[in-house]
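Down below is the structure, laid out as structure tokens.
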Amino acid sequence: MFEVKDLHVAVGGAEIIKGLTLSVPAGETHAIMGPNGSGKSTLSYALAGRDSYEVTSGSATLGGVDLLTLEPEARAAAGLFLSFQYPVEIPGLSAIAFLKAALNAQRKARGQQPMPAPELLKLLRSKAEALKIDQEMLKRPLNVGFSGGEKKRFEALQLAVLQPKFAILDETDSGLDIDALKVVAASVNTARAPDRGLLVITHYQRLLDYIRPDRVHILARGRIITSGGPELALELERDGYDKYVRAA
């Protein structure tokens with residue numbers, strides 16, 4: 001479903017991703033773990049098409065679609081979703097208006113009509129309630145004044161509403177207390193589906209206690225050094241990253 005082959009990415013002229021290969025079949029959840037500076041966020045930004053993240057060689061496809069030839073909005077329309085480590089604030093744009101615009105843009109790309117307002121409001125209320133998001137929060141400017149936990153819950157709400165083919169969750173546990181972590185993890189688990197893939201990027205094992213991956217990949221110095229089952233995350237929790245950094 002999702003294939004990355006021999007990917008090289010440079011930022012500001014410095015190569016950060018150095019020949020990364022990754023395959024995530026439909027219906028599976030994979031986790032990428034690695035120390036600070038290993039290239040985890042660089043990978044997610046490059047795949048999403050963020051400016052200044054230059055792919056110098058390699059390929060990335062989603063369902064056979066060449067993502068690297070597409071603009072960021074076209075990648076999203078093709079079914080790619082990115083949950084940011086640090087969601088941005090957009091003053092003057094309400095959270096509900098943002099969700100409406102995002103959802104209807106996706107529908108337009110698929111040749112569908114905009115979702116009728118009553119149906120859209122019903123959908124948003126249902127998904128927000130499941131994430132314990134207050135309805136008043138949807139009326140506030142996007143992420144403005146939101147706590148770290150609120151921002152991550154809203155990212156989870158976007159995932160629930162947009163229903164992408166493939167979701168990259170970049171340190172979605174950052175800034176969450178244990179209760180918020182459980183709620184967000186439950187939402188991510190709900191998003192699992194036979195025709196959808198998930199890639200969870202994290203530093204720590206604790207998120208994987210709640211989102212149990214099918215495979216775990218260790219990223220160090222821009223390459224995946226080793227892969228294994230969920231037990232690999234437990235090993236990292238016990239022994240740390242040192243031996244993998246040395247191997248890289």
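Read-outs: derived from the displayed coordinates by stated rules, not from any lab. What you see is a predicted model; the values in this text were computed from it and never measured. Here Cβ is always computed from backbone atoms with ideal geometry, including for glycine, and neighbour counts include all displayed protein chains.
A few points about this structure:
- Near Asp170, once Lys and Arg are set to +1 and Asp and Glu to -1 for all other residues with Cβ below 12 Å from its Cβ, the sum equals 0.
- Volume per residue of the convex hull around the Cα atoms, evaluated for the stretch 1-110, comes out as 129 Å³.
- A cut-off under 14 angstrom between Cβ atoms defines the neighbours of Gly58, and their net charge, with Lys, Arg +1 and Asp, Glu -1, is -2.
- Helices meeting the span-like rule in the chain (full DSSP H runs, Cα extent of at least 15 Å along the helix axis, mean Kyte-Doolittle score of 1.0 or higher): 178-190.
- In this structure the amide hydrogen of Ala31, modeled in the peptide plane, comes within under 5 Å of the amide hydrogens of Val200, Arg215, Val216, His217, none closer than 5 places in sequence on its chain.
- Note on the chain: antiparallel DSSP beta bridges, both residues inside, total approximately 60 percent of the bridges counted.
- Estimated at 0.36 nm per residue, the fully extended path between Tyr210 and Ala193 surpasses their Cα-Cα distance by 4.5 nm.
- Given Lys40/Lys100; Lys152/Lys243; Lys5/Lys40, the pairs whose alpha carbons are separated by over 23 Å: Lys40/Lys100; Lys152/Lys243
- Inter-centroid distance (Cα atoms) of the stretch 43-84 relative to the stretch 89-151, Å: 23 Å
- Figure legend: label point modelled 7 angstrom from the Cα of Lys108 along Cα→Cβ; residues of the stretch 137-162 with amide N under 19 Å from it are 162.
- In the chain, helices alone account for a calculated mean residue ellipticity at 222 nm of -10500 deg cm²/dmol, with every DSSP H run of four or more residues adding -39,500 (n - 2.57).
- Cβ-based exposure ranking for Met137, Met33, in which fewest neighbours within 10 Å come first: Met137, Met33
- Debye intensity ratio I(q)/I(0), log10, the stretch 114-175, q values 0.12, 0.14, 0.29 Å⁻¹ (C-alpha model): -0.31, -0.42, -1.35
- Across the chain, Cα-Cα pairs more than 33 Å apart make up 17 percent of the total.
- Percentage relative contact order, the chain, counting C-alpha pairs under 8 Å, at least six apart: 28 percent
- Square roots of five times the Cα gyration tensor eigenvalues for the stretch 129-248, Å: 29, 16, 13
- Seen from Gly222, the other residues with C-beta closer than 13 Å to its C-beta sum to a net charge of +2, counting Lys and Arg as +1 and Asp and Glu as -1.
- According to the calculation over all Cα-Cα pairs in the stretch 136-203, the P(r) per 10 Å bin from zero is 20, 52, 26, 2 %.
- Each listed q (0.13, 0.18, 0.20 Å⁻¹) maps to a log10 I(q)/I(0) for the stretch 52-161 from the Debye sum over equal C-alpha point scatterers, namely -0.57, -0.99, -1.13.
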